Amino acid sequence: MMMPMAKLHGFAMFVPATLLLTVSFFVLVQLRKIEEQGLKFFGHAVVVLLWLSAALIFSTGMYNTSKCCSMMSERQGMMGHSMKSMGKCMDKTGMPAEMKVQQ
């Protein structure tokens, strides 16, 4: 039940990263129209910071997605292991082996 939510949470990183990249595009478009060197330098610095922020958001989202998915697979593995060990304790009738009456 949590697996679809984990996938959705992982892909939610695309929204802020895309917004930052869109803003940086428009900053670059406006930089072409500016002739003052100091303002151009500031604009390029802003664009670099926006790109770094988008990369940080993207990499953090990917890390969280992989971490969450690995946790889910560990849980499923643990559940499968406990179910297998429970199966070893049961006899053919489904009764626990310890409770089987000796005849």
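I'd like the accessible area for residue 23: 1.4 Å probe, protein heavy atoms, all chains in place, Å² to the nearest 10.
80 Å²
Once label points are set 7 Å from the Cα along Cα→Cβ at both residue 11 and residue 42, what is their separation, rounded to one decimal in nm?
Here the modelled spin labels are 4.0 nm apart.
Based on the Cβ-Cβ distance of residue 55 and residue 35, what FRET efficiency does E = 1/(1 + (r/R0)^6) give at R0 = 30 Å, to the nearest 0.05? Numbers along the way, then the final one.
Details: r = 30 Å, r/R0 = 1.00.
Computed FRET efficiency for residue 55 and residue 35 comes out at 0.50.
Residue by residue through region 51-65, what is 3J(HN,Hα) from phi via Karplus (6.51 cos²θ - 1.76 cosθ + 1.60, θ = phi - 60°)? Round to whole Hz and write x for glycine and proline.
Here the 3J(HN,Hα) series is 5, 5, 5, 5, 5, 5, 5, 5, 5, 5, x, 5, 5, 5, 5 Hz.
The values are calculated or read from the model by the stated rules, or taken from the named source; none is laboratory data. Just so you know, these numbers come straight off a predicted model, no measurement behind them. All Cβ positions, even for glycine, are placed from backbone atoms using ideal geometry, and neighbour counts span all protein chains on display. These area figures cover heavy atoms from the full protein model, side chains too; ligands, DNA and RNA do not enter into them. Shrake-Rupley method; radii C 1.70, N 1.55, O 1.52, S 1.80 Å.
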